[in-house]
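A quick write-up on the structure given underneath.
The numbers here are math on the coordinates, done by the rules we state, and not lab data. Since we're looking at a predicted model, the values are computed, not measured. When we count neighbours, we look across all protein chains shown, and the Cβ atoms used for this are built from the backbone with ideal geometry, even at glycine.
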Amino acid sequence: MFMMAEFWVTLAFFVLVAAALYLKMPAMVTKALDARADNIRKELDDARRLREEAKQILADYKRKQSEAEQEAQEIIEQAKSEAGNLREEARKALDASIARRTKLAEDKIARAEAQAVSEVRSAAVDAALGAAETILVSKTAGSTGKQLIDHGITELKGKFN
């Protein structure tokens, strides 16, 4: 019996189990496993917390991106509106400028017409006076006629100019 290998293996097994129990190895293994389980649990909790923080940060960035896109759209709409207003103001200013220049040209033409009419009247008056003088000189003779003609010419010039 002492010569059989099974005996010695069984005896070694029991001695090993007794030594493990005596040295409280199951408690140490349990304690080590519990510590490892606690570490794993803490790491999982940290991972969950980090995941929740990451979700929150992602939601914040998506919200900020949405707000930025909305703000950009508002800026674009405002720029379009301002461009339309500027275009309308420029059109009104151009229309006003054209109207002013047209008015100035019409006034200039009216002044030129008035001046031309005045010059034509003056020339007509001078021609009529010359003709009247010639007729009156030929019909009236002497110094009395000459005085009457000079007096009439002076009066006519004052009335027509």
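Total lysine pairs in the chain at Cα distances under 25 Å, for residues eight or more apart or on different chains: 11. Straightening the chain between Leu16 and Ala114 buys 21.5 nm, computed as 0.36 nm per residue apart minus the Cα-Cα spacing.
In the chain, a dipole from Cβ-located charges (positive for Lys and Arg, negative for Asp and Glu) runs towards its positive end, and of Ile76, Ser143, Tyr22 it is Ser143 whose Cα lies farthest in that direction. Let me make sure I get this right: for the chain, a, b and c are the square roots of the gyration tensor eigenvalues over alpha carbons, sorted descending. Under 1.5 in a/c it's rounded, otherwise prolate if a/b > b/c, else oblate. Which is it? Here the chain falls in the prolate category.
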